[in-house]
Each structure stands twice: as C-alpha cells, then as structure tokens.
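Here's the structure, in structure tokens; my notes come after.
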Protein chains: 2
Amino acid sequence: MTIKTAPSKTPAAPAAGDLLALDNQLCFALYAASGLVTRAYRPLLEPLGLTYPQYLAMLALWEQAPRTVKALGQALDLDSGTLTPLLKRLEAAGYVTRTRDADDERRVQVALTPAGAALKAKAAEIPAALACRLDIPAQDIAALRATLQALARRMRSEQT
Amino acid sequence: MTIKTAPSKTPAAPAAGDLLALDNQLCFALYAASGLVTRAYRPLLEPLGLTYPQYLAMLALWEQAPRTVKALGQALDLDSGTLTPLLKRLEAAGYVTRTRDADDERRVQVALTPAGAALKAKAAEIPAALACRLDIPAQDIAALRATLQALARRMRSEQT
DNA sequence: GCCTATTTAATTGTGTACAATTAAATTTGG
DNA sequence: CCAAATTTAATTGTACACAATTAAATAGGC
C-alpha cells in the first residue's frame, strides 16, 4: 500500500512521480492531435486525389508558384528525401511540373499545371468543412494556431 | 493594382481571400509543431536506442504492462499495421516480449523485459531536458497540452 | 583561370502510418 | 450446440519522413 504524498492542488502541473505519464507529455498531445486532424482531412481530400502532405504542398504552391524544391522544403519543413517522391506523384497526377532551372541547373522549379491551379477552387471549401468538424470558436482556433506557430518559431531558431 | 477591401482589425481572423494560406491553417501549425518537437527528441532518444514512436510505446508500457496490442493501440491512437512492426523492433532490441494470451489466443500481450523496465530510469531526464529546450513556462505548456487534449477528445468522439 | 568548398536534388535504407485484406479465435443468435 | 458475426493481430501495398550519401553545378579564394 502506498501513501499519496501530495494530492496535487494544480492538476495541470504533473507530480514528480508521473512525469513520464503519457497524459503529461505535451509531445504526445501534439502527436495525437496532429494525427487526428490529418485523419479528419483524409475523406475531404480523397475527392481531389490528394494525400494530406500533398495538400500541404499544393497550399504552398497556390500561395506562390513556381518555387524551387528548396523553397517548398523551407515552407513545409520537409527535406528533399520526402519532397522529391511526393512531387513526382503530384506530377504524375497532372497537378505540377518539375523543370530544371536554366539559370542554375542545381535547382528544380515546381510549377502548377492548369489542372493544379484549378484544383484550388475545389479546395476552397475544405477549411470551412474542417472548422465545422472541430466545433471550436474561430477565435480559439486562431489562438491555438498562434501559440503553435510561436512554439515552432522558437524551436526553429534554436537548432543547437 | 488591387484595392484592399478590409484592412482586418483582427489579424488572427484570416480574410476571405487567403483562407487557404499555409499560415492560416491550424492543421499545418499542428503538423509543423509536431514534427519539430519529434525532431527535438531524436538526439535525446538516440542514446537509449529508441525512435520517437518507440519512446511513446515505452511510455505507455511503463505506465501499465503487460498490455495487449489493442490496448496499446487505443492508448497511442495507432493500429496494428503500425504497432506490429514497431513492437517487433522493440522485442529485437530486448525491451519487450510479445506472447499470445493463453486465455484468448487472439490477443498478444506485450510485456517489459528487465532491460525495458530499467530504461525508464534513463528516460526520466528527458522531459526536463525538452522542457528546457522549449523555453516556455511550465504553466503555458500545461495549458497548451490541455487545449490539445480537449481537441483530441472532441475529434475522437465525433468519428462520423 | 583553377581548385576547393558549398549548394541543390536525388537516392538509399530504415522506420513509421494507414487502408484493406487475411486468418484464426471467440462470441452470439437461433 | 452450431453457424454466422465479431474480434484481434498480422500482412500487403502505398505513402510519408529523415539521416546519410551521392552527384552535379555553382561560387569563392588565391
């Protein structure tokens, strides 16, 4: 029989004993929430023929295209090992083109095809559909987003 | 030349025109933050010989073991397609055992080996090391965690 | 100019993720 | 009891994700 040493008055601050409990890990909360949100997108993206990471790449390209693989990687926090095959699939689907930059043959410019640009109109409904499923006030969503972006900014600037 | 229709007074609420901008997506903020945090764990987990998802599985087992593959899957939000190979690697590393349940041969019980249980002591330093890198007040971390857990709870209960 | 260092994508190998299927064991309805 | 439905893991196939390496192109120092 064990004696509870301190019936914590602040449930948000984990007791020393269960620092490793899954429920006390911010990292796991992030991991699980990210996975759940990604899964929620799947049925909405399927009609467009896109996976979730492909959707993110298209978002980046709808904002600005053409872009180099490197620029896309910086926007999405992904490296060429992930992007190269992903972009080849988008190319096979007819949404983007990949062409060596004539000025600098190391670079590959990723551009939208007409079909890729046209897809933006169909995608326009997705954020609203998802916000509806999340069922959270828009204000709270914006606040959570800002908190996460601040966290990401801090971590990026801190690469030891 | 375009005319700005409404110089938004609330920068957190995106204008209609850029609903699809990457910076306005909660999903991408989650995705990017989750990836960055996972990457921050990597150097800390390498001395233990664990990947980040393997670490999550060990966290779940340190909390309660033995557990069935299904119970682990529910705790981690992962299915057998992901867990089976991951657990086989943990078994090969000598941290867990996988044995068919005699009472119900459909189940596989995952238990900790002495080495697996002993690993918990080494892992105990990790949360503090990471909290230090995040450089956020413990209170804010707890608040963000609670927000994400509430979001996850809502999404889980809403599977259409 | 020339040699070296850097930059940029692609490739290779390992490890998640997940949908769909399979196969075996258990539960349930009649 | 017994056939059908359900449960549980494993398997298969596709798609990320990243470290490490490779290869080609460019930039910089001398």
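Some notes on this structure:
- Condition check for residue A:125: without any contact (Cβ under 8 Å) to a residue 24 or more places away in the chain, within 16 Å of DNA strand C (Cβ to nearest atom) and either among the β-branched types (Val, Ile, Thr) or more than 8 Å from chain B (Cβ to nearest Cβ) (or both): no
- Filter result (over 12 Å from the mean Cα position of the chain (by Cα), crowded, with 17+ Cβ neighbours inside 10 Å and in contact (Cβ under 8 Å) with a residue 24 or more places away in the chain) within the range B:31-49: B:40, B:44, B:45
- Residue in the range A:108-130 that is modelled with pLDDT under 95 and under 17 Å from residue B:150 (Cα atoms) present: yes
- For first residues located in the range A:77-100 and without any contact (Cβ under 8 Å) to a residue 24 or more places away in the chain and within 6 Å of DNA strand D (Cβ to nearest atom), partners that are in a helix (DSSP H, G or I) and not basic (Lys, Arg) and lie 6+ apart or on another chain with Cβ distances below 7 Å form the pairs A:79/A:73.
- Any chance residue B:111 is within 15 Å of residue B:59 (Cα to Cα) and either in contact with a Gly (Cβ under 6 Å, 6 or more places away or on another chain) or outside any helix (DSSP H, G or I) (or both): yes
- Selection from the range B:71-107 of residues that are in a helix (DSSP H, G or I), more than 6 Å from DNA strand C (Cβ to nearest atom) and within 14 Å of another protein chain (Cβ to nearest Cβ): B:71, B:72, B:73, B:74, B:75, B:76, B:83
- Any hit, the range B:52-60, residues being among the aromatic types (Phe, Trp, Tyr), in a helix (DSSP H, G or I), within 12 Å of DNA strand C (Cβ to nearest atom) and in contact (Cβ under 8 Å) with a residue 24 or more places away in the chain: yes
- Residue under evaluation residue B:111, criteria (1) free of Cβ contacts under 8 Å to residues at least 24 places away in the same chain; (2) out of contact with any helix residue (DSSP H, G or I) (no Cβ under 6 Å at 6 or more places or on another chain); (3) more than 16 Å from DNA strand C (Cβ to nearest atom), criterion not met: (1)
The values are calculated or read from the model by the stated rules, or taken from the named source; none is laboratory data. Treat the numbers as computed from the prediction; the structure is a model and nothing was measured. With ideal geometry, Cβ positions are generated from the backbone for all residues, glycine too; neighbour counts draw on all protein chains shown.
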